[in-house]
Amino acid sequence: MRLMIAPQLLAWWDKHGRRQLPWQKDRSPYRIWVSEIMLQQTRVETVIPYFERFMASFPEVEALAAAGDDEVLAIWAGLGYYSRAHNLLKAAGIVVTQHGGELPRDFDSLVALPGIGRSTAGAILALAHGQRRAILDGNARRVLARVGAVEGWPGKASVSRTLWRLAEANTPSERVRDYTQAIMDLGATVCLRHRPRCGSCPLADCCSARKKGLTTGIPAPRPASNRPLKRSSMLVVQRPDGAVLLRRRPPTGIWAGLWSLPTLANEESARDWCGRVLGCRPAGQAELKPVRHGFSHFELEIRPIHLPVSAPPRELHDGDQWRWHDGEQELGMPAPIRRLVDSLEVGAGGPR
Ligand code: SF4
């Protein structure tokens, strides 16, 4: 369905578009790629300092490909969704070894790289090379769903197909770079998720959701019943100097490769775990307030158990998979674990 939105969007962008973002200054495919990955599920204002630090450390794809997991995760720490960082690193290795250090210019090779989906590939090709490619990131999806009054949760296959058809049909052949930036900018600054600013919108006259009074319900949220609740007991083992014991997560699965708290298996008590792994008895034991964290497919309830240890624990088996965190280093930690550890006054001892 052609919505005839490109002329209005481009005219609006010429006046109000964002042109000073760091990744717009030197539009290399590599910089655009990194920015597009960072911008997934994250706001521009949050991304800017991360992007600048990342580029200072890894100015070229070769530098990124040569980096270690920990180096990349330390810069990514706090940005969340860490699989994006793992995939960037993996893809950088492939770009260097299989594509001569150049990000592929053809869609199929690009979308085959880890972490690059259909929309991200489209955005990279449109923004870096001016190719006519549709995008459907969160912002473009919201604008198109509202202008076309597409009801239903966009994660549902049939709704997603409709939205992709709209995105394909409405991407212009001319000024595709500007159009791509414009639809993302409109979603980020005018067609907001809550309280869209329809009075300032260049698409107000052709927006079906606005005319029908449906802007609040479009796009529809994910159905709540889709996410089961899982529970996990995690141990907050703390030395007298306040340092907290962290365990590196396995290389696959949730929070892959990040530093987290050790998990307690169902059948083992915290006290037994302490004896088996650390060779000491905890000086006490207290249940801390549970923490909830939402993943795309389930909700996790973390039940933290605080275990102060007074005796210096013995050398740990698998030494490089453990570390005592004293709050000094930037580590790649999942956001809820970081908040939990920070709330303990790491380095000062004991929960607040
Ligand atoms: S008129 Fe309102 S709902 Fe429609 S695209 Fe513009 S801001 Fe979004």
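Applying the set (1) of a type outside the set (S, T, N, Q); (2) within 22 Å of the chain's Cα centre (by Cα); (3) away from the ligand (no atom under 16 Å from the Cβ); (4) crowded, with 16+ Cβ neighbours inside 10 Å to Pro219 leaves exactly one unmet item: (3). Could you check, for the stretch 248-262, whether at least one of its residues is more than 28 Å from the chain's Cα centre (by Cα), modelled with pLDDT under 90 and not assigned by TED's automatic domain parsing to the domain that holds Ser83? So far as the stretch 248-262 goes, no, none of its residues is more than 28 Å from the chain's Cα centre (by Cα), modelled with pLDDT under 90 and not assigned by TED's automatic domain parsing to the domain that holds Ser83. Within the stretch 178-188, identify whether any single residue is touching a His at 6+ places or on another chain (Cβ under 8 Å), within 16 Å of the ligand (Cβ to nearest atom) and either at pLDDT 95 or above or not hydroxyl-bearing (Ser, Thr, Tyr) (or both), and answer yes or no. Yes.
Does Glu174 fit the bill of being more than 16 Å from the ligand (Cβ to nearest atom) and not in a helix (DSSP H, G or I)? Here the answer is yes, as Glu174 does meet what is asked. Just wondering, is there one or more residues in the stretch 127-141 that are within 12 Å of the ligand (Cβ to nearest atom), over 30 Å from Asp326 (Cβ atoms) and not in a helix (DSSP H, G or I)? Checked against the condition, which is being within 12 Å of the ligand (Cβ to nearest atom), over 30 Å from Asp326 (Cβ atoms) and not in a helix (DSSP H, G or I), the stretch 127-141 yields no hits at all. Screening Lys211 with (1) in contact with a Pro (Cβ under 8 Å, 6 or more places away or on another chain); (2) farther than 24 Å from Ala311 by Cβ; (3) among the basic types (Lys, Arg) gives one miss only, at (1).
Pro202 satisfies every condition listed in (1) within 16 Å of the ligand (Cβ to nearest atom); (2) more than 22 Å from the chain's Cα centre (by Cα); (3) not assigned by TED's automatic domain parsing to the domain that holds Gly155 except (3).
Of all the listed residues (Gln20, Gln24, Gln40, Gln8), the sole one being of a type in the set (S, T, N, Q) and over 23 Å from the mean Cα position of the chain (by Cα) is Gln8.
Restricting attention to the stretch 246-284, which residues are touching a residue at least 60 places away in the same chain (Cβ under 8 Å) and polar (S, T, N, Q)? Correct list: Ser260 only.
The values are calculated or read from the model by the stated rules, or taken from the named source; none is laboratory data. These numbers come from a predicted model, not from an experiment. Methodologically, a virtual Cβ is constructed for each residue, glycine included, from the backbone with ideal geometry; neighbour enumeration extends over all protein chains shown.
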